[in-house]
1. What does the extension gain come out to for residue 121 and residue 521, with contour length at 0.36 nm per residue minus their alpha carbon separation?
2. Restricting attention to the range 127-222, which trypsin sites (Lys or Arg not before Pro) occupy a DSSP loop and are surrounded by at most 11 other Cβ atoms within 10 Å?
3. Counting only helical runs of four or more DSSP H residues, what would the 222 nm mean residue ellipticity of the chain come to if each run contributes -39,500 (n - 2.57) and the total is spread over all its residues?
4. Local charge sum around residue 467 (other residues, Cβ-Cβ under 15 Å, Lys/Arg +1, Asp/Glu -1)?
5. How many angstrom lie between the Cα centre of the range 170-198 and the Cα centre of the range 441-458?
6. Tell me which lysines have Cα within less than 18 Å of residue 272's Cα, excluding those fewer than 8 residues away on the same chain?
7. In the structure displayed, which of 153/473; 458/577; 471/564; 153/581; 141/609 lie more than 30 Å apart, Cα to Cα?
8. Rounded to the nearest 0.05, what FRET efficiency do residue 453 and residue 211 give with R0 = 45 Å and r taken as the Cβ-Cβ distance? Could you check?
Amino acid sequence: EDGVEDMTQLEDLQETTVLANLKTRFERNLIYTYIGSILVSVNPYRMFAIYGPEQVQQYSGRALGENPPHLFAIANLAFAKMLDAKQNQCVIISGESGSGKTEATKLILRCLAAMNQRRDVMQQIKILEATPLLEAFGNAKTVRNDNSSRFGKFVEIFLEGGVICGAITSQYLLEKSRIVFQAKNERNYHIFYELLAGLPAQLRQAFSLQEAETYYYLNQGGNCEIAGKSDADDFRRLLAAMEVLGFTSEDQDSIFRILASILHLGNVYFEKHETDAQEVASVVSAREIQAVAELLQVSPEGLQKAITFKVTETIREKIFTPLTVESAVDARDAIAKVLYALLFGWLITRVNALVSPKQDTLSIAILDIYGFEDLSFNSFEQLCINYANENLQYLFNKIVFQEEQEEYIREQMDWREIAFADNQPCINLISLKPYGILRILDGQCCFPQATDHTFLQKCHYHHGANPLYSKPKMPLPEFTIKHYAGKVTYQVHKFLDKNHDQVRQDVLDLFVHSRTRVVAHLFSSHAAQTAPPRLGKSSSITRLYKAHTVAAKFQQSLLDLVEKMERCNPLFVRCLKPNHKKEPGLFEPDVMMAQLRYSGVLETVRIRKEGFPVRLPFQVFIDRYRCLVALKLNVPADGDMCVSLLSRLCTVTPDMYRVGISKLFLKEHLHQLLESMRERVQNRA
């Protein structure tokens, strides 16, 4: 009545039976189900009391399948495999936005820490305390999820002698546009609301802060609160985490100053003036400019110039060109985004420096990356997010289907190939040289006259005939891609600006000279990495400086990530969401069926059901079963007789032992082997 714990045991392999099994278990609050060693997790949109110390104890040291399906069983499996095979492990958590990936990541971290509390407890506490810190700065409410990770996270937990000794977090593509814009019913990053709700009155006054609703960067979504979330309590939790992680009072003051300055910056408004038949932007009120300048300890005049003028630097002079209102808003938003992005990167670097291991050891990595997204307005960020998900789906297909079946063919097994959806053509459409969509975007960013429109026309020209690409029927600034998870339409507005993502030299110069140590450090480090080489007065040759684009950096980091994961033994957790309303107890069959189809769950069940789950090298099999038989007969394990009989038996069909051992084979032959050995023992006696 609780359904089947492992769906490879389903007799009737149809979509409806897989769906019915998940529904049956969900209605009994059983949110975990296996497909062999793959865990399927259905988000209940509430927390069950199944993650305490007694559950950690229950699953620790136990083989998969000894206990009911659980996330802790996967954590324990990764731990056991790492120790047994002396190989790095990677838990790849995938699913749509809102399917529970972030919670799964936190629970696995807690389980690994609870399993290994024999020494250096303080180091483990620091690793765990990094979670609320990164969550506050990297997560936000979206229409799909109240606590959505708006950056990709790859956490490597290092273990020495089976005990946690360090961790390193790598981050991918923070969603910077959220700093300056939120869609209806969405919020900016949690930290802003937590700061305003929890900061003591004295500091609020010192930073000239008011209610969240008064800030343009926070109120665009319409509701600044999340039901069931106390921003004030979470801020106190954040302060405690910062104390544990060694952030001094000066560090905390600098962090809060940067956050407050971003809020004030969003309230800088402009008005339009006509000068010599040209539109010029001027700041409506200098009060916000003054507040930002005081908080960041920079020149107010320099700040105002940075958001109302464009500076062109020649060998002899600087030329100041006034900006239009639209360009001034873009300049203001660009400063806000770079301030937050540099702060976020600095936080991760600080945490890594504190908890990174002192020497190379084996590790268990956890990947928690943004889920597939199809919003009412899909921009450059959604294209990158969905491209990352295409790569994860490809990796899943490659390991679960392609490599598995290739091994059966190599071993000459009797095998009927199972077809699966190959999404390589979609990855090629987005990123293949020279005319993948992101490659075209990078090419357009090299031309000063290029616009979002010229980028779109090039995409239409090169991909108009591609079955995975669609042009709009009306002349709209958008294109549609048919992803593995469905069609998504992307609006190309500001694609080029978001891909450029450069900080102007005059802005860098302004903040490098900040009297706030952290601010000066952030921009000095950034300037060292990205600033173009200065031209000397005697230089007669102009050197073109080509900065890395966001798309190019993201593609490279994604390639590095996939390479890292391929060097590990992968374990998969497939997160599914039962409804789009974030409601507990509601199971919508259509929503679930769509996810089962595009994620390849049905094909996964079939290949795990019909395939060979046990993998033993030939010699390992001989050694293990020699010992088993010897124990049964109470004779020495290394006796000539055992070796001779087992070797003779194994040479009949050695391929079966290399790939997998069927129950039928054991039933027929192991009994026969035991009888033969018993006779030999009696004869020898």
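1. Length gained, residue 121 through residue 521: 140.8 nm.
2. Taking the range 127-222 and a limit of 11 other Cβ atoms within 10 Å, the loop trypsin sites (Lys or Arg not before Pro) found are 184.
3. Calculated mean residue ellipticity at 222 nm is -15500 deg cm²/dmol.
4. Net of charged neighbours comes to +2.
5. Taking the Cα centre of the range 441-458 as reference, the centre of the range 170-198 is 29 Å away.
6. By straight Cα distance, residue 272 reaches 305, 310.
7. 153/473; 458/577; 471/564; 141/609
8. 0.65
Each reported figure results from applying straightforward, stated rules to the coordinates on display, with no laboratory input. Computed from a predicted model, the values in this text were never measured in an experiment. A quick note on method: Cβ atoms are made from the backbone with ideal geometry, for glycine too, and the neighbour counts reach across all protein chains shown.
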